[in-house]
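All of the numbers you see were taken from the coordinates with simple rules; none came from a lab. Please read these numbers as outputs of a predicted model, since none were measured by experiment. Here Cβ is always computed from backbone atoms with ideal geometry, including for glycine, and neighbour counts include all displayed protein chains.
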Amino acid sequence: MITKTWSLLLLPIILSLAGCGYHLGEIKPTPMRRVTTIAVNNFKNNTLIPRLESQTADSVVKRFQQDGTYRIESSDQADAILEGTIESVERQPMRVLASNVLQTSEFELILTVKYRVLDRVTGAVLMEGTAVGETPFFTESDAVNSDLVTNQNMNYPIAAQRMAENLVSKVSEGW
């Protein structure tokens, strides 16, 4: 009698522990399901702004390391290789000074990168797309001492980080 009572009590507990087939963890996009390691090559630069290639690729590598879906490897060891091209770095005016409507006080820096993920062995394109990173930045109100290019260059790493978040999200999660 006691064993029958215990078995009736344990049966619901055992069934509830069995679960319903749900699991926690990564859900990669279908083309990337067999990829566990990825290499990030230095990016190509189609803009006239010098020395952006390695800084942009470095932002993507750091974001992949933070995400943890793929492990970073060298190009000869990785399952897939990420190639990127910096297509444009644009500066859009957003706000003007109240005292001078011809002078912009806030800009938005927009970084656009095209990327492809290639299977290392076959060379097949697993994924491709465009990733964008945006960041606002202000200029000094003093037009004489204001250096717009320096302000833009100081904010480029932030735009690169935001672009990397966008790119890694697409490659890791499919959106």
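Observations on the model:
- Sparse-neighbourhood loop sites, trypsin sites (Lys or Arg not before Pro) in segment 24-73 - DSSP loop, at most 16 other Cβ within 10 angstrom: Arg33, Arg34, Arg51
- Rough spin-label spacing in nm, given labels placed 7 Å along Cα→Cβ, for Gln66 and Glu134: 1.9 nm
- Rough spin-label spacing in nm, given labels placed 7 Å along Cα→Cβ, for Asn153 and Lys44: 2.6 nm
- Stokes-Einstein diffusion coefficient of segment 25-173, Kirkwood radius over Cα pairs, 37 °C, 0.692 mPa s, in µm²/s: 199 µm²/s
- In a reduced charge model with +1 at each Lys and Arg Cβ and -1 at each Asp and Glu Cβ, segment 25-173 shows a dipole moment near 400 debye about its Cα centre.
- Sparsely packed loop sites in segment 108-143 (the GluC sites (Glu not before Pro) outside DSSP H, G, I, E and B with at most 15 other Cβ atoms within 10 Å) comprise Glu140.
- Net charge of Cβ neighbours under 10 Å - reference Thr112; Lys, Arg +1; Asp, Glu -1: -2
- Dipole-positive endmost among Gln65, Phe43, Thr30 within segment 23-66 (Cβ charges, Cα centre): Thr30
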